[in-house]
Amino acid sequence: MHFDYTDKVKGLRERLLAFMDEHIYPNESRFFGEIAANRAKGNAWTPTTLIEELKPKAREAGLWNLFLPQSKRAPEGLSNLEYAPMCEIMGRVPFAAEVFNCSAPDTGNMETLERYASEAIKDEWLEPLLRGEIRSAFLMTEPEVASSDATNIQCRIERDGNEYVINGRKWWSSGAGDPRCAVYIVMGKTDPEAPRHSQQSMIVVPSNAPGIKVLRPLSVFGYDDAPHGHMEVLLENVRVPVSNLLLGEGRGFEIAQGRLGPGRIHHCMRSIGAAERALELMCKRLNSRVAFGKPISSQSVWHERIADARCRIEMARLLTLKAAYMMDTVGNKIAKAEIAMIKVVAPNMACDIIDMAIQAHGGGGVSDDFPLAYSYANQRTLRLADGPDEVHRNAIAKLELARHMAVNAEVEMPITRGC
């Protein structure tokens, strides 16, 4: 395996680093200030003008839709291995990915539509998503069941003539709070009597369809993540054409396997960026502060923590690159163990390093004067999103045990978003 950057990626990386220095880092306070001002006016969900101002600049710089490989509709898309260093850089600032049209859940939804939707659906929904004109949401997790096992899903998708009728309650519906959110991809059951992994289907639903109610935003450690938002959504007798079903009845798990693999590794790429920035901020803080007559950075306890942080970032990056390489060369199914491993390793690593950085900043670390508290909330959430640690560890252990059996058994990877 060779993880050297190609000349193409080197050029893109330099352009992205320059863009971050010129447009992203200097505007962090403005971004959160706009949200605070909108909240004070009574609507935190109003999109920020900053993001809309920066999107055209990102397109002009050739830093747009980099996440989507092998798509005629997005020829600028990179392979997973090529995208890894770009996604890592974007992950250093929570809102940066949206500027480049590379933010979740839109990336996963666009990849789902590219792989599994009809040409008519692609024209209607994928094209405006690729242009950054609308946003989307993914509705899978439900409040009434343990969604770490997605076979528990109760949302019903029932055929009635030329339409499907959808009834269910979803939560942690990322993106559904954004007023630009125009389309959902919904997972539900079309046949509760079918075999366990053939009961579920996925369907495309306009967000303004009659019968949809966005009930409330869900906060994460006190952050509502506006204007993006994680919402609880009620679907009551929502009707959509039969043609909106993706791939066919009973193929929801198949689609979820294809959707969640890239989504998981993108999260991990961004986690490495978040950890890198936390380590950078930690070192700068330790070098600049004096306690008990000498710089805090001279204390040996911090030498241990810094060294540990650097080792863990490098290990996580290499595992991420290996997983990306395997996804590109042998496919997501063969790479399932590596995807599961990095989904456990990266958020845990990032949480620990951000926690160290918070400690180094003292009281400032838990305030909004620094980006660490918000970053920690994001990374801690990732230990649940797209599958809790325990489910991924279980899958890894089963794969490892199967390697040493006389007859290897097939191990299904988890289809889960946690919560």
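Each value in this text was obtained by applying a stated rule to the coordinates, not by laboratory testing. Here the structure is a predicted model, which is why all the values come from computation and not from measurement. We place every Cβ from the backbone using ideal geometry, glycine too, and count neighbours over all the protein chains shown.
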Checklist entry - So, counting K/R as plus one and D/E as minus one, what does the shell of residues with Cβ under 10 Å around Gly362 add up to? => result +2
Checklist entry - Once the mean 1/r over all distinct Cα pairs of region 253-403 is inverted, what Kirkwood radius in angstroms do you read off? => result 16.4 Å
Item to check | Percent RCO, i.e. relative contact order, over region 262-375, from Cα pairs under 8 Å lying at least 6 residues apart | outcome: 36 percent
Checklist outcome for this item: re the chain: pairs of Cα atoms spaced beyond 33 Å account for a percent value of 33 percent
Next on the checklist: Neighbour counts of other C-beta atoms within 10 Å: give me Asp368, Asp386 arranged from fewest to most.
Outcome noted: Asp368, Asp386
Next on the checklist: 7 Å from Cα along Cα→Cβ at both Arg180 and Asn167: what's the point-to-point distance in nm?
Outcome noted: 3.6 nm
Next on the checklist: Show me the ranking of peptides 21-28, 173-180 by mean Cβ neighbours inside 10 Å, starting with the highest.
Outcome noted: 173-180, 21-28
Item to check | Kirkwood Rh, Cα atoms: Rg over Rh of region 135-249 | outcome: 0.97
Checklist entry - Of the residues Gln154, Gln200, Gln70, which exhibits the maximal mean-square fluctuation in a Gaussian network model of the chain defined by a 10 Å Cα contact cut-off? => result Gln70
Checklist entry - Of all the stretches in the chain, which is the longest one without any exposed loop site, taking chymotrypsin sites (Phe, Trp or Tyr not before Pro) in a DSSP loop (any state but H, G, I, E, B) with at most 11 other Cβ atoms within 10 Å? => result 1-220
Checklist outcome for this item: Computed for the chain: size of charge dipole around the Cα centre, +1 on C-beta of each Lys and Arg, -1 on C-beta of each Asp and Glu, debye to nearest 20, value 620 debye
Checklist entry - Mean separation of Cα pairs under 8 Å and 6+ residues apart, divided by the residue count of the chain: what relative contact order is that in percent? => result 15 percent
Checklist entry - Given only helices, namely DSSP H runs of n ≥ 4 each adding -39500 (n - 2.57), what is the per-residue ellipticity at 222 nm of the chain, to the nearest 500 deg cm²/dmol? => result -14500 deg cm²/dmol
Next on the checklist: For Cα pairs less than 8 Å apart in space and 6+ apart in sequence, what is the mean separation divided by the residue count of region 111-259, i.e. the relative contact order in percent?
Outcome noted: 27 percent
